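S.K.: For reference, the structure I am asking about is given below.
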Amino acid sequence: RLVNTVEENQRPRVVTPFPAPKLMDLPMFQGDHKESLYWGTYRPHVYFGVRARTPRSLVAGLMWLGVKDGRYYMRHVCQDSDELSKYGWTQHNGRDFGHQVLVDQDMTWATSFVKTKGEGSGYGGDWAVRLGVQNEESQWNNQMQSSGYLFFYLADEDGNALSLSKDKLDISESSLLALGSRLDIGDWQLHLKAKDDLEVHYSGFRTPHIHNLSDLVQEELAVQARMFNRLQLSDTSDDSSNILVFQISATIPLEADIAFVSGTGSRVEERVSSLTGTSLTNLLKEKRGEFDSKFEKCFNLADKLDSESVIVGKAAIGNMLGGIGYFYGQSKISLPKSSKVKSHENFVSYWPAELYTAVPSRPFFPRGFLWDEGFHQLLIRRWDVRICLDIIGHWLDLMNVDGWIPREQILGAEALSKVPEEFVLQHPTNGNPPTLFLVLRELVYGVKKNKFTATESNEISSFLERALVRLEAWFQWFNTTQSGKEMGTYYWHGRDNSTTRELNPKSLSSGLDDYPRASHPSEEERHLDLRCWMLLAADSLHSITELFESRSERKKRYGSTAKLLSDFEILNQVHFDPAYGAYFDFGNHTEKVRLRWKEKKVGNNYPTRELIREVLERPELRLVPHIGYVSLFPFMEKIIPPESWILDKQLDLISNRSILWTDYGLRSLAKTSTLYMKRNTEHDPPYWRGPIWMNMNYRILSALHHYSQVNGPYKDRAKVVYSELRSNLIGNVVHNYHQTGFLWEQYDQTKGKGKGARLFTGWTSLVLLIMAEAYAEG
Ligand code: 6A9
């Protein structure tokens with residue numbers, strides 16, 4: 001379109017979409033592909049939820065009352081404070097099957113999801129969920145504990161009314177609970193079947209906001225409890241309800257099958273019956289078998305590792321795929337102070353957008369994070385390339401006209417309700433590592449080496465062909481806005497150079513948050529990790545352009561940029577410190593900083609104390625002598641020639657216990673660093689200043705694997721370090737999983753204990769690639 005409407009002219013540049021055909025409009029994402037991914041467990045923030053990939057969907061979900069110390073608590077949204085001793089998908093194929101186990105006190109829940117498209121099914125097909133509850137201890141005499149308080153709901157985000165099948169539900173007479181109609185899928189029905197007697201009660205609500213549904217149900221139960229002394233929904237609903245909640249009560253053990261069918265014109269009974277009872281049992285069995293064989297085919301663990309590890313490997317891929325969500329909404333973008341945009345607030349809204357993405361952690365961070373996603377895709381692409389491309393496509397379509405992609409995607413009211421205010425705004429001056437290139441580079445290589453089927457190859461190629469202009473813009477965004485003073489140098493913009501509180505001003509955009517950088521942020525800075533990310537981007541663009549044009553100008557340009565950024569001599573001149581044998585950032589820096597308590601007078605109030613940074617020496621331009629993950633970036637990008645003595649030096653740093661080595665993986669920051677395990681402010685404990693993180697360990701391990709394969713004097717040494725690091729990482733994650741029930745965000749470097757967010761099944765799931773020894777080739 002050549003003509004801009006008036007409205008578009010007034011739209012601030014920062015919220016203007018990148019002007020190129022969208023990836024998600026590619027034919028490969030329409031038709032069968034789109035329909036096959038319509039329904040799914042795309043609500044990772046709840047313990048169990050189903051929705052379709054459409055902005056305002058019909059959504060389903062599970063709630064139950066947990067009992068603790070004689071009190072009831074509503075379980076719905078994944079919350080750490082619920083203290084479930086374990087939960088997560090033990091299997092999930094990302095498409096039409098998943099099995100999850102949840103342990104709440106002495107109750108064990110199982111949710112199995114399955115989807116089918118049978119003759120007569122409407123758009124997107126039919127789906128079913130089998131809910132099972134068992135009681136570990138036999139407290140049968142305790143009535144309160146022996147009946148399950150289980151709630152299953154349907155809510156129409158579009159506001160369409162849902163009808164109850166009849167006023168008095170009796171499922172021994174008819175399994176039909178509810179019915180309705182929508183534009184996307186036509187008429188639909190919800191059925192419930194069970195072997196044993198179930199009592200079903202219900203309540204209808206009308207509200208556009210489903211993110212506070214737990215409160216609505218709890219309030220209703222409280223009213224009922226006060227009036228009638230029972231925890232039972234009121235059996236009322238009117239014609240306008242867009243939410244129906246069903247309460248299913250029975251004695252434990254309980255098993256209930258819920259079937260959702262659309263396209264109710266034909267074969268409804270057969271389809272419901274094939275999705276419940278014995279047929280469902282058989283179908284689930286078949287799906288579990290398929291998952292197991294695909295798992296074995298993709299990762300080949302059977303003769304490599306013990307069964308304890310294999311369980312963790314399955315949980316890793318299961319939770320990665322089961323954690324995939326679909327979100328819709330508008331990011332809030334912070335307005336620079338100089339902005340001419342008229343706004344009463346300090347932000348402007350991004351355009352309404354869809355995002356289909358994996359998430360780092362269902363209870364803590366159930367939303368998209370840009371650089372996390374590149375790591376997620378390293379795993380997902382080995383399971384299902386189409387899901388991988390679909391996810392990357394969604395992300396690239398979020399790019400604005402400047403080539404910028406917001407780092408954290410907080411889309412929609414449900415997502416927003418989980419984020420503290422100070423983290424909501426996205427800053428258009430700040431980037432986040434372009435890790436999607438990690439997987440794109442692998443895909444290009446796979447195409448060139450014929451590792452994919454012909455159809456897959458064609459799809460990847462047409463994807464890349466359309467993605468190229470966006471990828472180039474992304475590269476340009478970094479190359480212009482994050483460049484340093486000297487040619488070929490880069491630094492993360494957005495560090496605070498006026499703070500007096502931070503021991504070392506953070507660089508959130510790098511993804512490594514509080515990893516120490518130059519003490520005094522300045523334009524003179526040169527960040528080693530960003531330089532290596534730029535190399536990755538240039539190198540990937542070079543090989544992508546090579547796919548389409550063998551002799552073009554731009555192919556040459558990316559080739560020479562990559563060559564420049566991987567030039568060993570230049571790298572060493574700018575970032576190498578021979579005294580340490582290590583690579584460092586460069587910047588305005590002093591080691592002599594510390595936090596001190598100072599008295600603070602606030603008006604007439606009593607004096608209070610505050611923690612303030614003291615600088616005891618004038619900073620100067622120099623290398624920043626902190627050894628840690630950043631120091632290893634040239635190693636991770638395999639820039640160091642195999643015969644170089646510097647490679648030997650890197651192996652020293654890695655394998656030295658007083659520096660980076662631990663029995664559980666490599667520390668983020670060397671024990672010898674002046675900021676090792678130091679708080680950044682009073683409220684900010686160390687994060688990337690010691691603990692072990694899986695994404696970086698995976699990349700370091702990949703490089704070790706590489707150097708153990710190529711010829712050179714340090715080949716054998718690399719091999720030894722490689723296998724020890726690998727077994728330490730696997731051993732510790734497996735041990736923690738079986739002990740605590742979870743994969744964790746990071747692992748403590750002294751005892752190996754999981755820390756930070758639990759049920760962190762984002763990049764920690766890379767442990768599966770480590771088990772499978774699956775690294776990038778080429
Ligand atoms: C806080 C608090 C319930 C921090 O995995 C996501 C990111 C990584 O991209 C980043 O590298 N995590 C890492 O340093 C978690 C970030 C959480 C920020 C928002 C909101 C909500 O608590």
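A short reminder: the numbers here are calculations on the coordinates, not readings from a lab. Keep in mind that what you see is a predicted model, and the values were worked out from it rather than measured. Note that we place each Cβ from the backbone using ideal geometry, even for glycine, and neighbour counts take in every protein chain shown.
S.K.: What whole number of Å gives the distance from the Cα centroid of the range 656-702 to the Cα centroid of the range 210-282?
M.R.: 48
S.K.: Okay, moving on. Counting only helical runs of four or more DSSP H residues, what would the 222 nm mean residue ellipticity of the chain come to if each run contributes -39,500 (n - 2.57) and the total is spread over all its residues?
M.R.: -10000 deg cm²/dmol
S.K.: Something else now. How do His394, His542 line up, fewest other C-beta atoms within 10 Å first?
M.R.: Result, fewest neighbours first: His542, His394.
S.K.: Something else now. Determine Rg/Rh for the range 352-401; Rg is computed over alpha-carbon atoms and Rh is the Kirkwood hydrodynamic estimate from the same atoms.
M.R.: Checking Rg against Rh, the ratio lands at 0.97.
S.K.: Per residue, how big is the convex hull around the C-alpha atoms of the range 563-636? Give it to me in cubic angstrom, could you?
M.R.: Once divided by residue count, the hull of the range 563-636 is 140 Å³.
S.K.: So, one more: Between Tyr606 and Ser655, what is 0.36 nm times their sequence separation minus the Cα-Cα distance? Round to one decimal in nm.
M.R.: Full-extension gain reported as 12.4 nm.
S.K.: When only C-alpha pairs under 8 Å and at least 6 residues apart count, what is the relative contact order of the chain, in percent?
M.R.: 11 percent.
S.K.: On each of the three principal axes of the Cα atoms of the range 350-508, give max minus min coordinate, whole Å, ordered largest first.
M.R.: 58, 44, 29
S.K.: With N set to the residue count of the range 380-433, report its C-alpha Rg divided by 2.2 N^0.38 Å to two decimal places.
M.R.: 1.36
S.K.: Return the Rg/Rh ratio of the range 425-525 with Cα-based radii and a Kirkwood Rh.
M.R.: Result for the range 425-525 is an Rg/Rh of 1.12.
S.K.: I would also like to ask the following. HN-Hα J couplings of the range 473-484 from phi, Karplus 6.51/-1.76/1.60, θ = phi - 60°, integer Hz, Gly and Pro as x?
M.R.: Ordered by residue, 3J(HN,Hα) equals 5, 4, 4, 4, 4, 5, 5, 9, 7, 10, 7, x Hz.
S.K.: Using the count of nearby Cβ atoms within 10 Å as a rough guide to exposure, how do Ser540, Ser234 rank from fewest to most?
M.R.: Lowest to highest Cβ neighbour count: Ser234, Ser540.
S.K.: For the range 313-413, state the average projected area of the convex hull of the C-alpha atoms over all orientations, rounded to one decimal in nm².
M.R.: Mean shadow area of the hull around the Cα atoms is 7.4 nm².
S.K.: Kindly write out, for the range 94-110 in residue order, the coupling ³J(HN,Hα) from the Karplus curve 6.51 cos²θ - 1.76 cosθ + 1.60 (θ = phi - 60°), rounded to whole Hz, with x marking Gly and Pro.
M.R.: x, 10, 10, 7, x, 10, 10, 10, 10, 10, 10, 6, 9, 9, 10, 9, 10
S.K.: When the Debye formula is applied to the Cα atoms of the range 556-600, each taken as the same point scatterer, what base-10 log of I(q)/I(0) results at q = 0.28, 0.31, 0.33 Å⁻¹?
M.R.: -1.02, -1.09, -1.13
S.K.: Another question, then. In the range 343-394, what GluC sites (Glu not before Pro) fall in a loop by DSSP, with at most 10 other Cβ atoms inside 10 Å?
M.R.: In loop regions of the range 343-394 (DSSP not H, G, I, E or B), the sparsely surrounded GluC sites (Glu not before Pro) are Glu345.
S.K.: With the Cα gyration tensor of the range 619-778 giving a ≥ b ≥ c as the square roots of its eigenvalues, does the rule (a/c under 1.5 for rounded; else a/b larger than b/c for prolate; else oblate) give rounded, prolate or oblate?
M.R.: It comes out oblate by the Cα gyration axes.
S.K.: Using alpha carbons only, how many angstrom separate the centre of the range 9-56 from the centre of the range 409-442?
M.R.: If you average the Cα positions of each part, the centres end up 16 Å apart.
S.K.: Rounded if a/c is under 1.5, else prolate if a/b beats b/c, else oblate: with a ≥ b ≥ c from the C-alpha gyration tensor eigenvalues square-rooted, which is the range 585-704?
M.R.: It is prolate, given that a/c is not under 1.5 and a/b is the larger ratio.
S.K.: Further question on the same structure: Take the Cα atoms of the chain, find their three principal axes, and give me the spread along each one in whole Å, biggest first.
M.R.: Extents along the principal axes, in whole Å: 81, 72, 64.
S.K.: Which residues in the range 226-247 place their backbone N less than 19 Å from a point set 7 Å from the Cα of Thr207 along the Cα-to-Cβ direction?
M.R.: Output list for this probe position: 226, 232-247.
S.K.: Multiply the residue separation of Asp684 and Lys86 by 0.36 nm, subtract the distance between their alpha-carbon atoms, and state the gained length in nm to one decimal.
M.R.: Using 0.36 nm per residue and subtracting the Cα-Cα distance, I get 212.5 nm.
S.K.: Does a label point 7 Å from the Cα of Glu614, set along Cα-to-beta-carbon, have any residues of the range 484-514 with amide nitrogen under 18 Å, and which are they?
M.R.: Label zone hits: 500-504.
S.K.: Ok, one more. At a 10 angstrom cut-off on C-beta neighbours, averaged per residue, how do the peptides 274-280, 434-440, 291-297 rank from highest to lowest?
M.R.: The densest-packed peptide leads the list: 434-440, 274-280, 291-297.
S.K.: For a footprinting-style exposure proxy, rank Lys755, Lys451 by other Cβ within 10 Å, fewest first.
M.R.: Fewest-to-most ranking of Lys755, Lys451: Lys451, Lys755.
S.K.: While we're here: Return the whole-Å distance between the Cα centroid of the range 547-569 and the Cα centroid of the range 573-596.
M.R.: Here the two parts' Cα centres lie 30 Å apart.
S.K.: Between Ser462 and Arg551, what FRET efficiency follows from the Cβ-Cβ distance if R0 is 25 Å, with the result rounded to 0.05?
M.R.: 0.70
S.K.: Between Asp196 and Asp167, what is the spin-label point distance in nm, taking each point 7 Å from the Cα along the Cα→C-beta axis?
M.R.: Distance between the two pseudo-spin positions: 3.1 nm.
S.K.: So if the hydrodynamic radius of the range 240-365 is defined as the Kirkwood radius over C-alpha pairs, what does Stokes-Einstein give as its diffusion coefficient at 25 °C and 0.890 mPa s, in µm² per second?
M.R.: 120
S.K.: Give the calculated FRET efficiency between Phe568 and Glu345 to the nearest 0.05, with a Förster radius of 56 Å applied to their Cβ-Cβ distance.
M.R.: Result of the calculation: an efficiency of 0.65.
S.K.: Now a separate question. Sort 546-554, 126-134 for me by packing, meaning the mean count of neighbouring Cβ atoms within 10 Å per residue, highest on top.
M.R.: 126-134, 546-554
S.K.: Please provide three numbers in whole Å: the alpha-carbon extents of the range 458-590 along the principal axes, with the largest listed first.
M.R.: 53, 30, 22
S.K.: On average over all directions, what projected area in square nanometres does the range 54-195 have, based on the convex hull of its Cα atoms?
M.R.: 10.8
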